[in-house]
């Protein structure tokens, strides 16, 4: 019973907090740029507005297009059921592990890229093409960096990894862990569509990637996709926080530990938000064909993390 | 309950049914007045039934059915030909039966074109020989069937009445296959010579009696021979040329099943019969597997021919199979039978999983290509709306080949990753260095394969029609689409029921690795797939799929209950005010241009631009741009080989003066040399 309650709690938490994080980053950026900016809950208003609008689809779209937005949201929420958020308790870990998580992220990406190609417009094709090229480098880097942790934890279950790193005294200071952490940070920046890989604030810019994928969507479909994107973003950040830096996560489901875990999780997300806001304010977006070098670096770092683990153990 | 009678009946109907079906269409040539049903519908129906019987044989073999065999004595000296599948052959026969039935049912009878009856006969004969390759227990019969399979499939590859390209592909295919077949024949006949018998069970004791060095040499010969069929780098050159040229249902058999015959041969002759593979075999196979999966995935991603893209993807998955086998052999050699068993389970699961998905992909894409009359993705587009049922089948195949859950290629790669993690911790020193690279290679290859598959479906089936013929494409006939949809259910079922599927492979795994029980991989009453050695690591494709469905359903209910208008309005795509043309879409070439640029140092695409007319450089002049991407290994391996052969023949020509006396002199010299050597 407790298990089910915890799974529901963590899933709902991720679903509910997801739009907030983007709003906080936008507000912080506005402050850094001496603007007043939109309130932090602007994203919720956007979602409410979108879900009240008419849903329009291209005449060229196949029946697949009507299902994709919901499937993408469903896949994101499925990952939530086994992600350690405030507690490293097992949850629905039997259904999915690290590789299932990466594969479901990949499934979301495939469905989004197919959706972008449905309308037969240039922007959709451009975004899908770039998205597939960049993720071809980002996905293996992500896989390998978490694989390094799986070797340490001797398990591919997310909660078990989080627990093993949290309980170990020195695993986090080893070179392989730090290299993997660096690689994962780069991947998270790329996969969440942040500067210097992509700019979430632009529309109709020739270099955009993530916004271009949903350019032909509207109404409910767009609401589902936007929400899924924010849940995905929060999931990646939570993985970074709770697998690589898992201190403070509740190891036993007692009320105090859970509350503490929740506060620590929010604090970590807050730190990430400040970091991203500052980074986005002081750096410019990279040229598209510089990005592969950036991601290739992440891939090599993660490979280095794995091999250094084999040399140093 | 003793079901030996049933087993014997199933086996007999599979083998004799296919043989009879292959002969029936030839009646039309001998006796043109025969009713059409007799040489078209009847053999196909018979072929499908025989393939379903082969499914039964495979399923009974997996369930531990009784060992039955058919014997037939053709009059050669030696033992009678024996067909009697054992446990190791069972998963391959199961795959063969399922794919064969779909392939034969989807055979298009093009009565107008010449040679239609012959093609049907060859198609059925090819299926029959494949079945015998997997089911026979007799070395000579295996060789005959192996060679026959190669020849018949080469005839089918060259059967395309249109092109010189197909004939040249068939030639490359034959040349490489015969190098492989020669290695296999040499090794197998040597071994039978030592055994004094052609029966597989006696070959095993002959292996044991050989000196270790001789046994290892035979094993390497077998490996080279079967690696050609499996399409491993650097012997893969024929695969992306030949597989796409055959008619789609034959391509489905080639890529879905025949490639796996290479793996079957390796498992049988290099592992099962000698008891253990030679040292370093696992390492070599693992390295070749990594290389093949990367090469296959990369070239698939940059390929614009729909069927050749699928063939390159077969190279990728053959690499995954070799990785699994190599890892298993490595671990078995370092006394880790449990982890080795996980790797072997991954391999055998993937044999069936990939076979089902790839054959479905070839069948569905073949229908689309037939309807749009072009294989180039640049001339397809918009087919998912015009051919909804074919499109659905192609979508399922695409997602399965991306190795995404819950379809049939994901659990295999998942098990392989688990074996890599475990093998890294438990294996020998070599593996500690290789496992990270194997994991990196597999992850990169999977990501590239995803890009290739998105390109195949996104450019080929979605968007607007890119050519006149694609715009007027019509759905395939109902009978064919029904076959496609039934075939589409197979990878879905194999993937959703992964824990049961893996447990069902218990018998073939035990045939190779007796210490391992694949049933141990099943957890929580069959709901999850979990290697017991890694704590708490498990997946459940079924539960994950159910969760996605549940959440998607809730999202639909919630978002539709909003205040907005229900239903979806259709409107033309917005293209910034300009009229939208099909050529404004991204092309297949453009779609993977970023990948081509990123991997340019490896791919080394070449581009030549020639200006056709002289004139002022300030004005546009007509020009011709030729871009090509010669395959990397062609350049590095094949081209020097060809040069060496040509140089050798040039040099050898000096010996041929046309003088009879000189030739007699050569004879004498040879004789003397032989006498001296033989002393």
Does any residue of region A:51-59 turn out to be at pLDDT 90 or above, farther than 30 Å from residue B:391 by Cβ and touching a helix residue (DSSP H, G or I) at 6+ places or on another chain (Cβ under 7 Å)?
no
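Is there a residue being assigned to a helix (DSSP H, G or I), at the interface with another protein chain (Cβ under 9 Å from one of its Cβ atoms) and free of Cβ contacts under 8 Å to residues at least 40 places away in the same chain anywhere in region A:32-43?
First, pick out the residues of region A:32-43 that are assigned to a helix (DSSP H, G or I): A:32, A:42-43.
Now restrict to residues that are at the interface with another protein chain (Cβ under 9 Å from one of its Cβ atoms): none.
No.
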Criterion first (part of a loop (DSSP other than H, G, I, E, B), within 23 Å of residue A:145 (Cα to Cα) and facing chain A (nearest Cβ under 8 Å)) does residue B:405 satisfy it?
yes
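Could you tell me whether any residue of region B:422-431 is outside any helix (DSSP H, G or I), touching a residue at least 60 places away in the same chain (Cβ under 8 Å) and more than 9 Å from chain A (Cβ to nearest Cβ)? Explain how you work it out, then say what you get.
To start, the set of residues in region B:422-431 that are outside any helix (DSSP H, G or I) comprises B:427-428.
Remaining after also requiring touching a residue at least 60 places away in the same chain (Cβ under 8 Å): B:427-428.
From what's left, more than 9 Å from chain A (Cβ to nearest Cβ): B:427-428.
Yes, region B:422-431 contains a residue that is outside any helix (DSSP H, G or I), touching a residue at least 60 places away in the same chain (Cβ under 8 Å) and more than 9 Å from chain A (Cβ to nearest Cβ).
Residue-by-condition table, conditions (1) surrounded by fewer than 23 Cβ atoms within 10 Å (Cβ to Cβ); (2) at pLDDT 85 or above:
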position	(1), (2)
A:142	no, yes
A:149	no, yes
A:161	no, yes
A:170	yes, no
A:187	no, yes
A:213	no, yes
A:218	yes, yes
Taking the criterion of being within 14 Å of chain A (Cβ to nearest Cβ), in a helix (DSSP H, G or I) and surrounded by fewer than 24 Cβ atoms within 10 Å (Cβ to Cβ), would at least one residue in region B:304-315 satisfy it?
no
Would you confirm whether or not region B:214-233 contains a residue that is surrounded by fewer than 24 Cβ atoms within 10 Å (Cβ to Cβ) and more than 23 Å from residue B:276 (Cα to Cα)?
no
Selection from region B:550-575 of residues within 7 Å of chain A (Cβ to nearest Cβ) and either surrounded by fewer than 13 Cβ atoms within 10 Å (Cβ to Cβ) or assigned to a strand (DSSP E or B) (or both) yields B:563, B:568, B:569, B:570, B:571, B:572
Do we find a residue being facing another protein chain (nearest Cβ under 8 Å), modelled with pLDDT under 90, buried (at least 24 other Cβ atoms within 10 Å of the Cβ) and over 18 Å from residue A:233 (Cβ atoms) anywhere in region A:100-120?
yes
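Here are some residues: A:94, A:123. Which one is farther than 28 Å from residue B:589 by Cβ, surrounded by fewer than 24 Cβ atoms within 10 Å (Cβ to Cβ) and at pLDDT below 90?
On the way: A:123 fails: farther than 28 Å from residue B:589 by Cβ.
That would be A:94, the only listed residue that is farther than 28 Å from residue B:589 by Cβ, surrounded by fewer than 24 Cβ atoms within 10 Å (Cβ to Cβ) and at pLDDT below 90.
Here's the yes/no breakdown for (1) surrounded by fewer than 24 Cβ atoms within 10 Å (Cβ to Cβ); (2) over 20 Å from residue B:348 (Cβ atoms); (3) modelled with pLDDT of 90 or more; (4) more than 8 Å from every other protein chain (Cβ to nearest Cβ):
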{"residue": "B:419", "(1), (2), (3), (4)": "no, no, yes, yes"}
{"residue": "B:450", "(1), (2), (3), (4)": "no, yes, yes, no"}
{"residue": "B:459", "(1), (2), (3), (4)": "no, yes, yes, no"}
{"residue": "B:487", "(1), (2), (3), (4)": "no, yes, yes, yes"}
{"residue": "B:494", "(1), (2), (3), (4)": "no, no, yes, yes"}
{"residue": "B:499", "(1), (2), (3), (4)": "no, no, yes, yes"}
{"residue": "B:504", "(1), (2), (3), (4)": "yes, no, yes, yes"}
{"residue": "B:508", "(1), (2), (3), (4)": "no, no, yes, yes"}
Quickly run through region A:172-185 and pick out the residues that are surrounded by fewer than 22 Cβ atoms within 10 Å (Cβ to Cβ) and either within 14 Å of another protein chain (Cβ to nearest Cβ) or over 13 Å from residue A:244 (Cβ atoms) (or both).
A:175
Filter region B:1-35 down to the residues that are surrounded by fewer than 17 Cβ atoms within 10 Å (Cβ to Cβ) and closer than 16 Å to residue B:67 by Cα and list them by number.
B:1, B:2, B:3, B:4, B:5, B:6, B:8, B:9, B:12
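For region A:212-235, state whether one or more residues are touching a residue at least 12 places away in the same chain (Cβ under 8 Å) and under 22 Å from residue A:300 (Cβ atoms). So that I can check it myself, show each step before the final result.
Filtering region A:212-235 for residues touching a residue at least 12 places away in the same chain (Cβ under 8 Å) gives A:212-235.
Now narrow it down to the ones that are under 22 Å from residue A:300 (Cβ atoms): none.
There is no residue in region A:212-235 that is touching a residue at least 12 places away in the same chain (Cβ under 8 Å) and under 22 Å from residue A:300 (Cβ atoms).
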Does residue A:153 qualify as being crowded, with 24+ Cβ neighbours inside 10 Å, more than 26 Å from residue A:276 (Cα to Cα), touching a helix residue (DSSP H, G or I) at 6+ places or on another chain (Cβ under 6 Å) and without any contact (Cβ under 8 Å) to a residue 24 or more places away in the chain?
yes
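Evaluate the following for residue B:122: is it within 27 Å of residue B:48 (Cα to Cα), out of contact with any strand residue (DSSP E or B) (no Cβ under 6 Å at 6 or more places or on another chain) and assigned to a helix (DSSP H, G or I)?
Yes.
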Criterion: in contact with a helix residue (DSSP H, G or I) (Cβ under 9 Å, 6 or more places away or on another chain) and farther than 27 Å from residue B:363 by Cβ - qualifying residue of B:241, B:254, B:221
B:221
For region A:13-30, indicate whether the set of residues that are at the interface with chain B (Cβ under 10 Å from one of its Cβ atoms) and buried (at least 18 other Cβ atoms within 10 Å of the Cβ) is non-empty.
yes
Exception for residue A:78 within (1) within 17 Å of residue A:232 (Cβ to Cβ); (2) more than 7 Å from chain B (Cβ to nearest Cβ) falls at (2)
Residue A:239: in a helix (DSSP H, G or I), within 30 Å of residue B:425 (Cα to Cα), modelled with pLDDT of 90 or more and out of contact with any helix residue (DSSP H, G or I) (no Cβ under 8 Å at 6 or more places or on another chain), yes or no?
no
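Suppose we filter B:635, B:596 for residues that are part of a helix (DSSP H, G or I) and in contact with a helix residue (DSSP H, G or I) (Cβ under 8 Å, 6 or more places away or on another chain); which single one remains? Don't jump to the end; show me each part of the working.
Details: B:635 fails: in contact with a helix residue (DSSP H, G or I) (Cβ under 8 Å, 6 or more places away or on another chain).
It is B:596.
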So for region A:46-64 (the condition being out of contact with any strand residue (DSSP E or B) (no Cβ under 6 Å at 6 or more places or on another chain), in contact (Cβ under 8 Å) with a residue 12 or more places away in the chain and away from every other protein chain (no Cβ under 14 Å)), does at least one residue qualify?
no
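Please indicate, with yes or no, whether at least one residue in region B:649-669 is touching a residue at least 60 places away in the same chain (Cβ under 8 Å) and either loosely packed, with under 10 Cβ neighbours inside 10 Å or closer than 30 Å to residue A:293 by Cα (or both).
Quick first cut of region B:649-669, residues touching a residue at least 60 places away in the same chain (Cβ under 8 Å) only: none.
No, region B:649-669 contains no residue that is touching a residue at least 60 places away in the same chain (Cβ under 8 Å) and either loosely packed, with under 10 Cβ neighbours inside 10 Å or closer than 30 Å to residue A:293 by Cα (or both).
Considering only region B:613-636, state which residues are in contact with a strand residue (DSSP E or B) (Cβ under 6 Å, 6 or more places away or on another chain) and surrounded by fewer than 10 Cβ atoms within 10 Å (Cβ to Cβ).
Step one: filter region B:613-636 for residues in contact with a strand residue (DSSP E or B) (Cβ under 6 Å, 6 or more places away or on another chain), giving B:621, B:623-628.
Once the filter is applied, which keeps residues that are in contact with a strand residue (DSSP E or B) (Cβ under 6 Å, 6 or more places away or on another chain) and surrounded by fewer than 10 Cβ atoms within 10 Å (Cβ to Cβ), region B:613-636 yields B:624, B:625, B:626, B:628.
I want to confirm something. Restricting to region B:382-394 and keeping residues that are part of a helix (DSSP H, G or I), under 21 Å from residue B:587 (Cβ atoms) and touching a helix residue (DSSP H, G or I) at 6+ places or on another chain (Cβ under 7 Å), which single residue is nearest to the other protein chains (Cβ to nearest Cβ)?
So in region B:382-394, the residues part of a helix (DSSP H, G or I) come out as B:383-386, B:388-394.
Checking which are under 21 Å from residue B:587 (Cβ atoms) leaves us with B:383-386, B:391, B:394.
Adding the requirement that they be touching a helix residue (DSSP H, G or I) at 6+ places or on another chain (Cβ under 7 Å) leaves B:383-384, B:391, B:394.
On the way: B:383: 9, B:384: 4, B:391: 7, B:394: 11 Å.
Out of the qualifying residues, it is B:384.
Anything in region B:179-196 that is touching a residue at least 24 places away in the same chain (Cβ under 8 Å) and surrounded by fewer than 16 Cβ atoms within 10 Å (Cβ to Cβ)? List them, or say none. Spell out how you get there, then give the answer.
We begin by selecting, within region B:179-196, every residue touching a residue at least 24 places away in the same chain (Cβ under 8 Å); these are B:179-192.
Within region B:179-196, B:179, B:182, B:186, B:189 meet the criteria.
The values are calculated or read from the model by the stated rules, or taken from the named source; none is laboratory data. Note that this is a predicted model, so its numbers are computed, not measured. Neighbour counts are summed over all protein chains in view; Cβ atoms, including those assigned to glycine, are modelled from backbone coordinates with ideal geometry.
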